[in-house]
Amino acid sequence: MNKQLLTILKKRYGLFILIASIAIVGFYVFLGISDVNRWKEMELYYSSDDFITELKQNPEEINPSYKNLSLKERQEKHKKDSLMLFFQTDTFDDQGNMDTSENRPYFTMYFNENPWLLISLISLIGFSLFFVDLKTSFNEFLFSLGVSKRKIYFTKYLLIALPLLFSVLIAKILFIGIVTLGIPSEYVNLNMHQIVMNILALWSPIVFYFSVSTFIGLVTGHMILGPLTLFGFCFSFEFFMTSLTNALYFFTDHTKEVYMGDFFQYIITKNPTPLFPIIFALVVSILLTVSGFFLFPALTLEKKGNYLLFDKLKIPVIIATTIYVPIVMVFSQGFSHDESLQSSIVSLLIYAIITALIVSYIVFKKEIDRWIHQKKQIKEKISVRQ
């Protein structure tokens, strides 16, 4: 590793990454302490005279299962059910019978966070990793150091990406640890295996969105379209995964129920954690990081205003977008069982044609503008001769 390069990048990014990492960890520590305090406040309330009075007045409005229970039994039951870290809501069938099956989803009141706030921050930092250096001409300075571009790429990841992603992992661990250790063990119905799976499930989409954002920031150079591409993908990815599943259901089993859940897990849960999204996120992240490692040496400064900085990506981007957008547009809201196969295919084709035309113009704008300019010059020359 080049010490001069490492020193320069530390001076440029070190303080920012340190502040960002501390802020992320500190914020999640604060959230954990706040959730424990909220639990303690609820514990005090369920032991208070106000709650006992409420139980006396309207016991069945609080919970229909309290029928034939004494006041003390109702209080203890409600306190235990409400203070559990995870609970299952009571549901009833048409005859009013309570559903007692174990496959009901779990909910929690004591893990409160806004995952999209963190994802937005991580995505923005990932996008800026290469995009900002390109637009501020800092790349010109880095390339003049005589260090290979692959070393620059590797050092950026080592100095910026790894500490940032590691701080998110630590933050998630501390957040879960503070809540589960701050609440009495008899109320913590989450075992160690579930905790580990939650940490992996919550961290993997962060890694995924960071890697995707970094890759977009590496391959795009347009000041407006670059950030729009980042926003468009991050905003639509969950819609795409839902739409893709809906499309598969529609074309293979038209009678199957529509899938509308999140692909990634964004909140802590007691429900089973599927492995596929975790593996998908890590594999795609590795592929994008490796692809960037091989693409970065081909980066040329004269193309820094282009939408795409690498010519070899033009056709793949057009193809990928032409598939991605129509699926989202047609199947993001599910599908009706009355829809015909023919109408859906027509809708997909219409959106595909419109998307292909727009994206092709954006990607080949300079070539198209040059061709139009040449045609105009030829027409002008012909008109002058006439």
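Filter the range 265-301 down to the residues that are under 13 Å from Thr214 (Cα atoms) and among the polar types (S, T, N, Q) and list them by number.
Those that are under 13 Å from Thr214 (Cα atoms) and among the polar types (S, T, N, Q): Ser285, Thr289, Ser291.
Of the conditions (1) assigned to a helix (DSSP H, G or I); (2) of a type outside the set (A, V, I, L, M); (3) in contact (Cβ under 8 Å) with a residue 60 or more places away in the chain, Gly232 fails just one. Which one is it?
Gly232 satisfies all of (1) assigned to a helix (DSSP H, G or I); (2) of a type outside the set (A, V, I, L, M); (3) in contact (Cβ under 8 Å) with a residue 60 or more places away in the chain except (3).
Among the residues of the range 209-218, which ones are of a type outside the set (A, V, I, L, M) and open to solvent by 10 Å² or more (accessible area, probe 1.4 Å)?
Phe215
Filter the range 121-151 down to residues that are surrounded by 16 or more Cβ atoms within 10 Å (Cβ to Cβ) and polar (S, T, N, Q) and give me whichever is farthest from Tyr28 (Cα to Cα).
Filtering first and then ranking leaves Asn139.
Pull up the range 219-229, narrow it to residues that are farther than 26 Å from Val330 by Cβ and touching a residue at least 12 places away in the same chain (Cβ under 8 Å), then point me to the one that is surrounded by the most Cβ atoms within 10 Å (Cβ to Cβ).
Applying the filter and picking the extreme gives Thr220.
Give me the pairs, please: first residue somewhere in the range 285-308 and within 19 Å of Phe364 (Cβ to Cβ), second residue anywhere and basic (Lys, Arg), beta-carbon distance under 6 Å, and either six or more positions apart or on two chains.
These pairs meet every condition: Leu308/Lys314.
Mind counting the residues in the range 290-310 that are surrounded by fewer than 18 Cβ atoms within 10 Å (Cβ to Cβ) and not in a loop (DSSP other than H, G, I, E, B)?
9
Could you identify the single residue in Ile206, Ile278, Ile268 that is open to solvent by less than 20 Å² (accessible area, probe 1.4 Å) and modelled with pLDDT under 95?
Ile268 is the lone residue from the list that is open to solvent by less than 20 Å² (accessible area, probe 1.4 Å) and modelled with pLDDT under 95.
Please verify whether the range 90-106 includes one or more residues that are hydrophobic (A, V, I, L, M, F, W, C), modelled with pLDDT under 85 and part of a helix (DSSP H, G or I).
no
If I filter the range 144-156 down to residues being among the hydrophobic types (A, V, I, L, M, F, W, C) and under 16 Å from Leu134 (Cα atoms), which single residue comes out as modelled with the highest pLDDT?
Only one residue fits best here, namely Ile152.
Would the range 183-197 turn up any residue that is in contact (Cβ under 8 Å) with a residue 12 or more places away in the chain and in contact with a strand residue (DSSP E or B) (Cβ under 9 Å, 6 or more places away or on another chain)?
For the range 183-197, residues in contact (Cβ under 8 Å) with a residue 12 or more places away in the chain and in contact with a strand residue (DSSP E or B) (Cβ under 9 Å, 6 or more places away or on another chain): present.
Residues are listed down the side, and each one gets a yes or a no for (1) surrounded by fewer than 16 Cβ atoms within 10 Å (Cβ to Cβ); (2) more than 23 Å from Thr269 (Cβ to Cβ); (3) modelled with pLDDT of 95 or more:
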{"position": "Leu158", "(1), (2), (3)": "yes, yes, no"}
{"position": "Lys172", "(1), (2), (3)": "no, no, yes"}
{"position": "Ile178", "(1), (2), (3)": "no, no, yes"}
{"position": "Ile183", "(1), (2), (3)": "no, no, no"}
{"position": "Glu186", "(1), (2), (3)": "yes, no, no"}
{"position": "Leu190", "(1), (2), (3)": "no, no, no"}
{"position": "Leu200", "(1), (2), (3)": "no, no, yes"}
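Determine which member of the set Ile327, Ile319 is part of a helix (DSSP H, G or I) and at pLDDT 95 or above.
Ile319
For residues that are aliphatic (A, V, I, L, M) and either open to solvent by 70 Å² or more (accessible area, probe 1.4 Å) or without any contact (Cβ under 8 Å) to a residue 40 or more places away in the chain (or both), tally how many sit in the range 6-42.
Count: 6.
Just to be sure, is Lys256 open to solvent by 60 Å² or more (accessible area, probe 1.4 Å), part of a loop (DSSP other than H, G, I, E, B) and either over 25 Å from Thr289 (Cα atoms) or at pLDDT 90 or above (or both)?
The answer is yes for Lys256.
Can Tyr249 be described as modelled with pLDDT under 90, of a type outside the set (A, V, I, L, M), open to solvent by less than 60 Å² (accessible area, probe 1.4 Å) and in a helix (DSSP H, G or I)?
yes
The values are calculated or read from the model by the stated rules, or taken from the named source; none is laboratory data. Everything numeric here is computed off the predicted structure, so don't read it as measured data. All Cβ positions, even for glycine, are placed from backbone atoms using ideal geometry, and neighbour counts span all protein chains on display. Each accessible area value is taken on the protein alone, full model and side chains, heavy atoms only, with ligands, DNA and RNA left out. Shrake-Rupley method; radii C 1.70, N 1.55, O 1.52, S 1.80 Å.
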